[in-house]
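Here is the structure we will look at, set down as structure tokens.
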Amino acid sequence: MDGFTTRAIRAASRAPRVDQRPTSVPIYQSATFSSADAEELGAVTTGAAEGYVYARLGNPTVDALGAAAAELHGAEAGFAAASGMAAIHLAVGSLVAAGDRIVATRNLYGTTRSLFTRVLARHGVEVVFADPADLVAMEGALAAAPTRLLYLETISNPTIAVADLPALAEIGHRHGAVVVVDNTFASPVLCRPLELGVDLVVESATKYLSGHSDVLAGIVAGSAERIAAVRALHVDTGATLAPFSAFLVLRGIPTLALRMERHAATAARLAAFLETAPGVARVLYPMLASHPDHAVAARLLPSGGGMLAVELAGGAPAAEAFVDALRIPERTASLGSIHTIVVHPPSTTHRQLSAVELGAAGIAPGLLRVSVGLEDADDLLADVAQALRAAGAAAALPPTTGTTSGAATAATPGAAAATTPGAASPSRAPTGG
Ligand SMILES: Cc1ncc(COP(=O)(O)O)c(C=O)c1O
């Protein structure tokens, strides 16, 4: 008879055979999968046969999320990675090499900007930023030199700019670029970029897809060929999603449309309320007629979604007092959650940008980004109203030394800033989502 530990290992490793299909995807919490014989192991390891051997090469729960992402986006294939940034890195990294050039929206999520200007630039990739609302400027940036990749965001962080994806994809393709879109703010409920001509879509599944602020994950969806390249890069780089994390995202997906409906209904009410509230300089919500991209949003999106931005006339002191006075929202990073989350981008998500870069990205000192949660709308509106009164009182005080204060400044529109390989801007701090 085998020894105790040999028997214990065997006893605890026997996965039950289940003939009835479970109605949720099981969590395959295993790093390794055993083959019947050496031949099968060789075939599965080299990809000659379908199956599992080692979780960095594939895991059934994680693959189920990749397949779900493909289905939600109407794609041939999908892939799930350890975070939104991992997904973005895989999508972009599977396409560019040293000497290539990227044209990217200037309204880029701060960490994606860092990936481009600090990481990819060091690897010899040139990045040029342009205003996606200015199609002539975008075309000029693409025409200036051969461009491998056009990188966009459907709805951008934090100014809630809405990109005209069909027009931009057409321009990008005309200049030979592969078009990649970060659809995190929209989710596949509001927008499915592949249906609009885009080649690869990425999302931070940390946000709306999972929806509960309890997991980090990212997805990529596109053609089978492009996703095979993403998968191959992942095998070599290893930002592997944990099976339990994949399960949590899968658990969020069935309620995504219901959650988006509620996020959007409350956000629309809040935006309308803020537009006439005292102390508010500007409200950015795609379904407000005053939004610069309203016509694009009305054409492309079924609703304005759950994200809005509000610029307080009192600048940074008012913004900080507003955040401090709020009773219901969480004072944290991230978005797309059950919780309403209010952030001050200049001091959080976009902290690594210089004052000039902030201005070029349209981020005024008094700008706040609001991810509207699922709380009762009446409670949120009452809370925001009292916080605005607190912000008004704070803005009336003389500024104290050492604050990040300043009156609201106008954005510098249209400016295209270029970075060259190796000319990365220094890091000021890591940022949250
Ligand atoms: C638009 C956008 N893309 C990507 C990311 C990165 O996602 P993750 O934090 O899951 O890496 C974020 C995070 O906030 C985001 O807002």
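The values are calculated or read from the model by the stated rules, or taken from the named source; none is laboratory data. Because the structure is a prediction, the values reported are computed rather than measured. Methodologically, a virtual Cβ is constructed for each residue, glycine included, from the backbone with ideal geometry; neighbour enumeration extends over all protein chains shown. For accessibility, only protein heavy atoms count, side chains too; no ligands or nucleic acids. Shrake-Rupley method; radii C 1.70, N 1.55, O 1.52, S 1.80 Å.
Taking 0.36 nm per residue of separation and subtracting the Cα-Cα distance, full extension of the segment from residue 212 to residue 1 would add 71.0 nm. Among 23, 115, 283, which residue has its Cα furthest toward the positive end of the charge dipole of the chain, with +1 on Lys/Arg Cβ and -1 on Asp/Glu Cβ? Going by the charge dipole, the pick is 115. For the chain, the Cα gyration tensor yields ellipsoid semi-axes of 40, 27, 20 Å (square root of five times each eigenvalue, largest first, whole Å). Each of 1, 287, 260 has its accessible area taken with a 1.4 Å probe; listed largest first, they run 1, 287, 260. The calculated FRET efficiency for residue 12 paired with residue 232, based on their beta-carbon distance and R0 = 45 Å, is about 0.85.
Dividing the mean sequence gap of close Cα pairs (under 8 Å, 6+ apart) by how many residues the chain holds gives a relative contact order of 18 percent.
Taking 19 Å as the cut-off, the amide N atoms of the stretch 217-234 that come nearer than this to a point 7 Å along the Cα-to-beta-carbon line of residue 97 belong to 225-234. Note on the stretch 99-253: dipole from Cβ charges, positive end direction compared against 194, 160, 217; the farthest Cα belongs to 217.
Stretching residue 46 away from residue 381 to a fully extended chain increases their span by 114.9 nm, per 0.36 nm per residue minus the current alpha-carbon distance. Ordered by solvent-accessible area of protein heavy atoms (1.4 Å probe), largest first, the residues 225, 203, 50 come out as 50, 225, 203. Compared with the direct C-alpha span, the chain from residue 38 to residue 21 gains 3.2 nm at full extension, assuming 0.36 nm per residue.
Placing a label point 7 Å from the Cα of residue 143 along the Cα-to-Cβ direction, the residues of the stretch 164-181 with a backbone N closer than 19 Å are 167-178.
Note on residue 324 and residue 167: their simple-model spin labels are 4.3 nm apart, each label 7 Å out from Cα toward Cβ.
Each Lys and Arg contributes +1 and each Asp and Glu -1, all at the Cβ; summed about the Cα centre of the stretch 1-100, the dipole is approximately 500 debye.
Length, then width, then depth: along the principal axes, the Cα atoms of the stretch 1-90 run 54, 31, 27 Å. Solvent-accessible surface of protein heavy atoms, probed at 1.4 angstrom with all chains present, puts 76, 311, 357, 275 in the order 76, 275, 357, 311, largest first.
Using Cβ point charges alone (K and R +1, D and E -1), the dipole size of the chain about the Cα centre works out to roughly 680 debye.
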